[in-house]
Every structure is written in structure tokens, then in C-alpha cells.
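The values are calculated or read from the model by the stated rules, or taken from the named source; none is laboratory data. Bear in mind the structure is a predicted one, so any value in this text is a computation, not a measurement. Heads up, the Cβs are rebuilt from the backbone with ideal geometry, glycines too, and the neighbour counts pull from every protein chain shown.
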Amino acid sequence: MNAIAPADANAIARAGRIVGFRSWLVYLPYNIAMTWGSGTRTGGTRLVVELTTESGIKGYGETICLLDFIEPVLHKVVMPLAVGRSVSEVERIHRHVLGAGYYHHKRAAVMALCAVEMAMWDALGKLAGLPVSALWGGQWREQVEVSAYLFMADHGALAETARTFRSQGYDSFKIKLGAGEASDVALVETVRGAIGAGVHLRADVNGGWTPGTARRQLQKLLPYDLAYIEQPLELDDLVGHAELRRVQPVPVALDESAYTLSDVGNIVRMAAADVILLDPHEMGGLWQVRKAAAIPESAGLGMTLHSGGELGFSQAALVHLAASIPTMTIAIDTEYYYYDDDVIAGRLAIERGRIAVPRGPGLGVAPDFDKLEKYRVDAIRGAYLDDKRPGWFPMKPSY
């Protein structure tokens with residue numbers, strides 16, 4: 001087999017050169033209102049990006065958009081730096097944005113970066129005629145398990161929803177805590193009673209507990225066999241999380257503490273977690289997750305993926321990530337079943353709590369432009385604050 005001639009290689013690079021962008025801010029309602037310790041969320045606001053290459057191939061990416069700085073960073077920093085670059089230069093784009101001053105404020109850049117970086121991988125896969133997971137070492141698994149994510153505060157609705165998910169074949173469940181000391185135990189008791197013993201159940205506090213409360217609550221929750229407790233303390237408190245691991249037996253998982261590659265390295269160095277939840281939207285892209293996943297793997301820690309209300313582009317990306325990382329054996333989070341619609345052509349199917357890896361090139365999904373226009377908005381909706389409680393806002397820690 002002959003090597004690619006330099007002229008051919010240059011032609012391929014030119015074919016992947018980014019020449020244009022456009023974007024859509026979209027809001028899709030959930031079919032239930034999600035109530036949790038940080039507020040009430042009625043739907044997902046997402047930012048979808050289309051990039052166009054010199055060859056005419058288009059790539060699509062998506063990111064969470066719950067904060068007002070994300071769109072300006074996308075349009076004023078990330079897009080201008082990406083134009084003229086090849087879709088293969090994902091590492092260069094990431095570092096270029098940080099070098100534009102965002103090394104001071106990594107968390108202000110990562111979400112905008114993810115939308116463009118995801119679109120670059122989508123376009124690169126289409127150029128190569130391969131799914132993006134094939135570009136990262138290939139598929140380790142053909143289906144990815146997802147958890148049944150439970151947000152309800154009403155115990156009757158919570159039990160019914162948990163039983164419904166279980167009857168549909170879900171083997172992993174996750175519940176939101178952090179609304180109050182008494183409700184924590186009652187909610188876990190309700191779910192465990194609905195799904196039965198031996199089924200994987202984890203709980204997310206979103207930083208709502210103080211260290212003392214965490215010790216007391218986890219002692220009360222021991223009979224319910226939690227697989228792990230997620231983000232029990234404030235996101236900056238790695239010392240507290242490390243101590244919590246040492247003084248009680250429930251495994252500790254960190255998400256909000258693990259936004260960037262450096263965050264993940266610090267968590268492992270501090271022995272602050274048993275499980276780390278990764279998220280390309282919080283890390284600045286799919287490649288950053290691939291890099292970060294090697295850190296817990298090297299330390300023998302568990303890992304999975306966080307959910308922030310992904311639509312089809314991001315959900316497909318998460319499935320490709322989980323499919324290509326052998327040690328990602330914990331069911332990934334998703335909220336996809338709480339949407340009745342999507343902005344891709346056709347919805348990803350969840351069968352018995354699993355999503356099959358898309359087989360097409362790139363992300364393996366295509367945009368539905370009518371839906372992108374239908375759900376387009378000009379402002380973020382329903383992010384954190386609860387409109388029914390004027391003047392209310394969450395405190396971290398809460399109790």
C-alpha cells in the first residue's frame with residue numbers, strides 16, 4: 001500500500017479547513033419539571049453549532065448553555081480562532097483559546113469550546129468516512145448503558161417513575177438529594193423500595209452538605225446500599241472529600257469538582273474520590289475527556305459521564321465516548337428520555353436502558369433544520385432559579 005503523497009495530504013488538510021460557522025440557541029421543554037436542591041428546571045437550553053469546511057462537509061456540535069457568558073465566548077473567541085484551521089486541529093484550538101487569556105478562567109471557556117470541538121470531530125469523521133469512536137481507538141462496546149435519572153420530590157410520583165424505568169429494563173438508577181435533611185433519607189428509601197435490593201442506586205447532592213452533615217446522612221443511608229454519593233460537599237473542598245472517603249464506607253464521586261483536566265489530576269493526587277464523572281461540555285471537548293479518562297484509569301478508579309440535558313448531537317457524542325473507553329463500566333447519566341422531541345433527524349433509541357452506538361460517519365446523526373428553527377430562542381430559559389419562589393436562590397452548602 002502506497003503512502004499518501006504530500007500533495008494528497010495537503011489536499012486533505014485543505015478539505016478540512018474551516019471556512020464558516022453558524023449557531024442556534026434552542027430550548028426544548030422537559031415532559032416533567034425537574035426539582036432538585038439547586039432549583040427547578042423546566043427544560044434544556046442548548047447551543048448548537050454548524051461548521052463548514054472548504055470541501056463543503058459540515059460538522060455539528062452542541063453544548064449546555066445555562067449561563068450567559070457561553071454564547072459571547074463562542075462567537076467572540078472560539079469561532080474566530082477556529083476559522084482557517086483544519087478540523088483535525090482540536091488540541092491546537094483548545095490551547096489557543098486558553099492562550100487568549102482563558103488559562104486564567106478555564107471554566108469560562110470550556111462550554112463554548114466543546115460545541116466547536118465536537119463539530120470538528122463530526123466533520124473529521126465524515127472526511128474519514130468513520131464514526132468518531134473509530135478515531136479514538138475503536139469501539140470497546142456496541143451499546144452503552146444509561147442510568148434512570150430521578151428528579152421528583154413527590155414520593156408517589158417518584159416510586160411510580162422508578163418502577164416504570166425498572167420495568168423497561170433499566171439496571172442503574174440515580175436520584176437527586178440536597179433539598180433537605182429529612183427528605184434525603186426518605187427519597188432514597190422510596191426509590192430503593194421501588195426498584196428492589198441489588199439494583200445499582202446512586203445519589204447526587206450537588207454540593208449541598210457540610211462535612212458534618214455528610215457523615216451523619218451517609219450513616220443513615222447505609223442500609224440502602226448506595227453505589228456512590230456524588231458531590232456531597234462544595235466543589236472546591238477536595239480536602240473534605242478526601243477525609244469523607246476515609247471516615248465512612250460509601251464511595252465518593254465527584255462531578256462539579258472535575259471540570260478540567262487539571263481538576264481531575266488534583267482529585268487523584270488528593271485521593272478525593274472513588275469515582276469521577278467526566279463531561280466534554282465541562283472539560284472543553286471530547287478529546288479532553290479522552291485525555292482525562294486516562295488519569296482515573298491509571299489509579300484504578302471508577303468513571304462515568306455526567307449529564308446536563310443533552311440533545312441528540314451531544315447524546316451521540318457521549319455514547320461514542322463511553323463506547324471507546326474500556327474502563328467506563330458505570331452506566332452514564334442521561335436526561336434524554338425527559339425530552340419528547342429533538343433537533344436531530346430521528347431520535348436515538350433507548351432499549352432496556354441502553355443506547356446503541358451510531359454507525360454513521362462522524363457523530364452518526366444529522367440535523368433537523370425545521371426543529372432547530374422551531375425551538376430557537378434568544379435567551380436562556382429555566383436554568384436554576386425557581387419562578388414560583390421569587391427571591392429564592394440555592395446556597396452551597398445548604399445544611
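Please determine whether any residue of the range 195-215 is over 25 Å from Ala33 (Cβ atoms), touching a helix residue (DSSP H, G or I) at 6+ places or on another chain (Cβ under 8 Å) and buried (at least 22 other Cβ atoms within 10 Å of the Cβ).
Looking only at the range 195-215, we keep the residues that are over 25 Å from Ala33 (Cβ atoms), and these are 196-200, 210-215.
Now narrow it down to the ones that are touching a helix residue (DSSP H, G or I) at 6+ places or on another chain (Cβ under 8 Å): 196, 199, 211, 213-215.
Okay, now just the ones that are also buried (at least 22 other Cβ atoms within 10 Å of the Cβ), so 214.
Yes, some residue in the range 195-215 is over 25 Å from Ala33 (Cβ atoms), touching a helix residue (DSSP H, G or I) at 6+ places or on another chain (Cβ under 8 Å) and buried (at least 22 other Cβ atoms within 10 Å of the Cβ).
Go through Gly207, Gly169 for me and flag whichever is over 23 Å from Gly308 (Cβ atoms), in contact with a Lys or Arg (Cβ under 6 Å, 6 or more places away or on another chain) and assigned to a loop (DSSP other than H, G, I, E, B).
On the way: Gly207 fails: over 23 Å from Gly308 (Cβ atoms).
Exactly one residue qualifies, and that residue is Gly169.
Could we say that Met120 is on the phi < 0 side of the Ramachandran plot and in contact with a His (Cβ under 7 Å, 6 or more places away or on another chain) here?
On the way: on the phi < 0 side of the Ramachandran plot: yes; in contact with a His (Cβ under 7 Å, 6 or more places away or on another chain): no.
For Met120, the condition - on the phi < 0 side of the Ramachandran plot and in contact with a His (Cβ under 7 Å, 6 or more places away or on another chain) - is not met.
Looking only at residues in the range 241-274 that are touching a strand residue (DSSP E or B) at 6+ places or on another chain (Cβ under 7 Å), assigned to a helix (DSSP H, G or I) and not aliphatic (A, V, I, L, M), which one is farthest from Gly302 (Cα to Cα)?
Filtering the range 241-274 for residues touching a strand residue (DSSP E or B) at 6+ places or on another chain (Cβ under 7 Å) gives 241, 244-245, 250-255, 258, 264, 267, 272-274.
Now restrict to residues that are assigned to a helix (DSSP H, G or I): 241, 244-245, 258, 264, 267.
After this cut, where a residue has to be not aliphatic (A, V, I, L, M) as well, the list is 241, 245.
Numbers: His241: 16, Arg245: 14 Å.
Among residues in the range 241-274 that are touching a strand residue (DSSP E or B) at 6+ places or on another chain (Cβ under 7 Å), assigned to a helix (DSSP H, G or I) and not aliphatic (A, V, I, L, M), the one farthest from Gly302 (Cα to Cα) is His241.
Within the range 217-238, can you find the residues that are without any contact (Cβ under 8 Å) to a residue 24 or more places away in the chain and not in a loop (DSSP other than H, G, I, E, B)? Quick ask: steps written out before the conclusion?
Narrowing the range 217-238 to residues without any contact (Cβ under 8 Å) to a residue 24 or more places away in the chain: 223, 236.
Pro223 - this is the single residue of the range 217-238 that is without any contact (Cβ under 8 Å) to a residue 24 or more places away in the chain and not in a loop (DSSP other than H, G, I, E, B).
From Val264, Val239, Val247, grab the single residue that is aliphatic (A, V, I, L, M), under 21 Å from the mean Cα position of the chain (by Cα) and in the same structural domain as Ser307 (by TED's automatic domain parsing). First the steps, then the outcome.
Numbers: Val239 fails: under 21 Å from the mean Cα position of the chain (by Cα); Val247 fails: under 21 Å from the mean Cα position of the chain (by Cα).
Checking each option against the conditions leaves just Val264.
Quick one: in the range 349-399, of everything that is among the hydroxyl-bearing types (Ser, Thr, Tyr) and surrounded by fewer than 18 Cβ atoms within 10 Å (Cβ to Cβ), which residue is nearest to Leu28 (Cα to Cα)?
Restricting attention to the range 349-399, the residues satisfying the condition of being among the hydroxyl-bearing types (Ser, Thr, Tyr) are 375, 384, 398-399.
From the residues that got through so far, the ones that are surrounded by fewer than 18 Cβ atoms within 10 Å (Cβ to Cβ) too are 384, 399.
Details: Tyr384: 15, Tyr399: 32 Å.
Looking at the filtered set, the residue picked out is Tyr384.
For every residue, the table says whether it meets (1) of a type in the set (Ser, Thr, Tyr); (2) buried (at least 19 other Cβ atoms within 10 Å of the Cβ).
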position: Ser298; (1), (2): yes, no
position: Leu301; (1), (2): no, yes
position: Leu305; (1), (2): no, yes
position: Glu310; (1), (2): no, yes
position: Gln315; (1), (2): no, yes
position: Val319; (1), (2): no, yes
position: Thr329; (1), (2): yes, no
position: Tyr339; (1), (2): yes, yes
position: Asp342; (1), (2): no, yes
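Being in contact (Cβ under 8 Å) with a residue 40 or more places away in the chain, in a helix (DSSP H, G or I) and among the charged types (D, E, K, R) is the filter here; which residues of the range 52-100 pass it?
Across the range 52-100, the qualifying residues are Glu71, Glu91.
Which residues, counting only those in the range 297-337, are at positive phi and in contact (Cβ under 8 Å) with a residue 60 or more places away in the chain? I'd like the intermediate steps shown before the answer.
Filtering the range 297-337 down to residues at positive phi leaves 300, 309.
Across the range 297-337, the qualifying residue is only Gly309.
Answer yes or no as to whether Ile380 is under 17 Å from the mean Cα position of the chain (by Cα) and touching a residue at least 40 places away in the same chain (Cβ under 8 Å). Can you show your working first?
Working: under 17 Å from the mean Cα position of the chain (by Cα): no; touching a residue at least 40 places away in the same chain (Cβ under 8 Å): yes.
In short, no.
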